[in-house]
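Below: one structure, written as structure tokens.
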């Protein structure tokens, strides 16, 4: 019997371009979080003139959403980006220690992609903190707590050649980042064999940090974007203590298979919300609309632990100094 | 009349594989600096089994060098690099404030290239401080002084697509880096139209930071590596206050034109040394040997100022929020 661990909402998608306050091309990979008893989303959408907007949307129940015309995008200054290059993929983290939300998103240009950081307490006023990576980063999620007194993030540099792996970095202040280490290399399983990247910001559970991420498979006609789950050690998230061997989701519904970019399930938010133990996973579908799947947090944790830790045999064949 | 601003040493190259204490493949892009009244170089060379070594070499006059068998390379731990992937391009900076030398070099792997930092006071004992960039960096030089209380570096990320520009980053502690800004974009002049990267660590002059860097031109049969010069504001090195429009050097000698990689002049050290106003520029030639060219510091500064500052017209055609 087939068994799914993320159950799609039957009235998917929850937001489409028809929900935008203007003529738009798409509404896709968008971060969401709980705020003041409702859910808030920063809807990553493009107006018909191809201008990227991140519009504030709100929902009481997580199913019905109202997209406002409040736009948080701000053009980076003193840098040769321009709107046609695109801004992508909002992610939102609540930082209890700072009593504020941190928002990451990508800004693309002919010089590469960079991650921008923005701060807000109310989703009305936004403080742009500027770039927190160099060029060639597409995905970045911030942990909702400091680890050993340091901010932490997962990131996926997108470099030349074969690069497409997940790293972890630390920062004393969110401005200067370092101590970057490889967390997960692609090519572990078929559904994540081409590229992987952090998806939703980490969800704290009593067993570890639950990470919903995306993994890509390359085929003869392009790239299929899938979702996976892993569990990181609470104290030291450089350690993968569990990982689902199988995928969490692969594109199979019409709205995931067909659109601006076919075959895309791209998770950007995972929020404990609704029933007890319920995780609401929001994901961009086919770079066209936003969909919802629900999972049991404890079941995902269990599946990760059942898969067990991943251990790499690093190819240290010899010491250099031999 | 042809006029050169960097005069090649007539007995070039100064170090070849024949100077190594073992059978080697090459001795090329190597950092050098003054230490205890002599010059010291960390010779980037490969043994015949392709193992990278950084050997300490010494010279009284900067012309005759003796390469020792002291090797400073150390394999990165807990990371899937192995020797066959290569380690490249030492650069050395004396940091007066810390009374020590900082050495940067690249470590390559199938996951990308990263910059490693090492500290020494005597070139006998080396302290490995680990990686200071994520993947996909090849060139990094550290300023010999803090700028406004911060360490600073020039770097060249090497990303997918068309990336090959010089950036500046800052750090409070050499471990965590940020505030990354574009310094110089490639495609300014023909000899630097394909890629550019920092070469020698910055040289302080009374008019500004003198930067000797490399610039590449792509042609039908590969890439020609050239050298250029620019001058950065002393107080705020994000500002290019002068830049030679023409090249400083293009490959034209046999040892630059022919070797493991043809057509390469790759500067890695620029040391005020010898006569008054003399700059000794060491560069890898054709990825095979190490050569020396001498220049007048004041003349280079003058040429940069004559070229004048570079101003970009960023392509901010519209605000996003219009």
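The values are calculated or read from the model by the stated rules, or taken from the named source; none is laboratory data. Everything numeric in this text was worked out from a predicted model, so none of it was measured. Cβ sites come from the backbone with ideal geometry, for glycine too, and all protein chains shown count toward neighbours.
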Among the residues of segment A:189-208, count how many are over 18 Å from residue B:135 (Cβ atoms) and within 13 Å of chain B (Cβ to nearest Cβ). 0
I need a count of the residues in segment B:27-49 that are in contact (Cβ under 8 Å) with a residue 24 or more places away in the chain and on the phi > 0 side of the Ramachandran plot. 0
Can you tell me which condition residue B:255 does not meet? The list is (1) within 17 Å of residue B:302 (Cα to Cα); (2) in a helix (DSSP H, G or I), and all the others hold. (1)
Please go through segment B:58-73 and pick out each residue that is under 17 Å from residue B:126 (Cα atoms) and either surrounded by fewer than 20 Cβ atoms within 10 Å (Cβ to Cβ) or free of Cβ contacts under 8 Å to residues at least 24 places away in the same chain (or both). B:58, B:68, B:69, B:70, B:71, B:73
Top-ranked residue in segment B:288-299 [being touching a strand residue (DSSP E or B) at 6+ places or on another chain (Cβ under 6 Å) and surrounded by fewer than 21 Cβ atoms within 10 Å (Cβ to Cβ); ranked as nearest to residue B:94 (Cα to Cα)]: B:297
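Here's the yes/no breakdown for (1) farther than 16 Å from residue B:91 by Cβ; (2) assigned to a loop (DSSP other than H, G, I, E, B); (3) facing chain A (nearest Cβ under 10 Å):
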residue: B:182; (1), (2), (3): yes, no, yes
residue: B:210; (1), (2), (3): no, no, no
residue: B:214; (1), (2), (3): no, no, no
residue: B:217; (1), (2), (3): yes, no, no
residue: B:224; (1), (2), (3): yes, no, no
residue: B:227; (1), (2), (3): no, no, no
residue: B:242; (1), (2), (3): yes, no, no
I need a count of the residues in segment A:277-300 that are more than 19 Å from residue A:197 (Cβ to Cβ) and assigned to a strand (DSSP E or B). 8
Does residue A:164 qualify as being under 15 Å from the mean Cα position of the chain (by Cα) and facing chain B (nearest Cβ under 10 Å)? yes
Of all residues in segment A:76-89, which are at pLDDT 80 or above and at the interface with another protein chain (Cβ under 9 Å from one of its Cβ atoms)? A:87
Among residues belonging to segment A:258-272 that are part of a loop (DSSP other than H, G, I, E, B) and surrounded by fewer than 17 Cβ atoms within 10 Å (Cβ to Cβ), point out the one that is modelled with the lowest pLDDT. A:260
Could you go through segment B:66-75 and let me know if any residue there is within 14 Å of chain A (Cβ to nearest Cβ), farther than 28 Å from residue B:203 by Cβ and at pLDDT 95 or above. yes
Residue among B:190, B:209 that alone is modelled with pLDDT of 95 or more and closer than 22 Å to residue B:283 by Cα: B:209
Please indicate, with yes or no, whether at least one residue in segment A:196-209 is touching a residue at least 60 places away in the same chain (Cβ under 8 Å) and touching a helix residue (DSSP H, G or I) at 6+ places or on another chain (Cβ under 6 Å). yes
Members of segment A:104-137 that are surrounded by fewer than 21 Cβ atoms within 10 Å (Cβ to Cβ) and within 11 Å of another protein chain (Cβ to nearest Cβ): A:108, A:109, A:110, A:117, A:129, A:130, A:131
Output the residues belonging to segment B:130-145 that are under 12 Å from the mean Cα position of the chain (by Cα) and assigned to a strand (DSSP E or B). B:138, B:139, B:140, B:141, B:142
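Let's see how each residue does on (1) touching a strand residue (DSSP E or B) at 6+ places or on another chain (Cβ under 8 Å); (2) away from every other protein chain (no Cβ under 14 Å):
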residue: B:144; (1), (2): yes, yes
residue: B:149; (1), (2): no, no
residue: B:156; (1), (2): yes, no
residue: B:248; (1), (2): yes, yes
